[in-house]
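The values are calculated or read from the model by the stated rules, or taken from the named source; none is laboratory data. Model, not experiment: these values are computed from the prediction. Cβ placement follows ideal geometry from the backbone for every residue including glycine, while neighbour counts extend to all protein chains displayed.
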Amino acid sequence: MITTSAIRKAAILALSLCILLVFFACKHPKEKKTDSVDALLKRKPMPPVNLNQQVNQNISAYTIVDDIALDNSFDCAGVGIGGIKTDQYWRYEWLLKHSDNNDLRKLTFHANPVVRAYAFAALNEHHYDSLEDVLDLHIQDTASFRSMCGCIADFSNVNISFLYSMKNQLDKNKWKQYRAKVERTYPPKKWKTIMLMYRYFEK
């Protein structure tokens, strides 16, 4: 026969187990130390994180950069008819907020062209003083990448992306000089085709 005392002991034991389970379930894992950008540039990409299950401060820089490279699309602030902010653009905003100019400049040498383009865009947003120096270093970088802005999906090139992202920071003469330098990195027919996409920026 089960006594009242035995029932009480079982109830206390069950309650104790529940408390322990709740404690371990709610305990946050220790945040991983963020790799330096120098180490990050040498790492192999990791599987992408699910942004809906992450807290901003718990995401490290190397995870963000890996995911930008794996997504491999340069998304603008609004994509599609509804102007949706994609996970990729969210990653860019994280990079913009949490990375200093020294790290961003290093990331312009990342193996992935989308990472390079986003890093330069972030430097531009930070009003980086040596932006022209970075452009000079990448004037021969003709690597192409996929871009998505609004409902327009297209391909761009690193040096052209760098050039047009800082158009408003250059005076008329410097703009013409840099544009001529970039133009010389492409065959004439290809340049003409590329400029069809950028014709609205020429005005």
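Odds and ends about this structure:
- Whenever a residue of the stretch 64-89 is under 14 Å from ALA111 (Cα atoms) and modelled with pLDDT of 85 or more, its partners that are of a type outside the set (Gly, Ala, Ser) and exposed (fewer than 15 other Cβ atoms within 10 Å of the Cβ), lying with C-beta atoms within less than 7 angstrom and at least six residues away or across chains, give the pairs ASP66/MET46.
- From the options TYR118, TYR164, TYR89, residue that is over 21 Å from ILE64 (Cα atoms), hydroxyl-bearing (Ser, Thr, Tyr) and assigned to a helix (DSSP H, G or I): TYR164
- Leading residue by the ranking (modelled with the lowest pLDDT) among those in the stretch 95-115 that are within 9 Å of the chain's Cα centre (by Cα) and either of a type in the set (S, T, N, Q) or crowded, with 19+ Cβ neighbours inside 10 Å (or both): LEU95
- Checklist (1) modelled with pLDDT of 90 or more; (2) part of a helix (DSSP H, G or I); (3) out of contact with any strand residue (DSSP E or B) (no Cβ under 8 Å at 6 or more places or on another chain) applied to HIS127, failing item: (2)
- Those residues of the stretch 147-160 which are modelled with pLDDT of 90 or more and in a strand (DSSP E or B), in sequence order: ASN157
- Each residue in the stretch 154-193 was checked for being crowded, with 19+ Cβ neighbours inside 10 Å, more than 24 Å from the chain's Cα centre (by Cα) and β-branched (Val, Ile, Thr), and 1 of them qualify.
- Odd one out for ASN102, checked against (1) within 17 Å of PHE74 (Cβ to Cβ); (2) outside any loop (DSSP other than H, G, I, E, B): (1)
- GLY150 meets all of the listed conditions (1) farther than 22 Å from THR63 by Cβ; (2) without any contact (Cβ under 8 Å) to a residue 40 or more places away in the chain; (3) in contact with a Gly (Cβ under 9 Å, 6 or more places away or on another chain) but one, namely (2).
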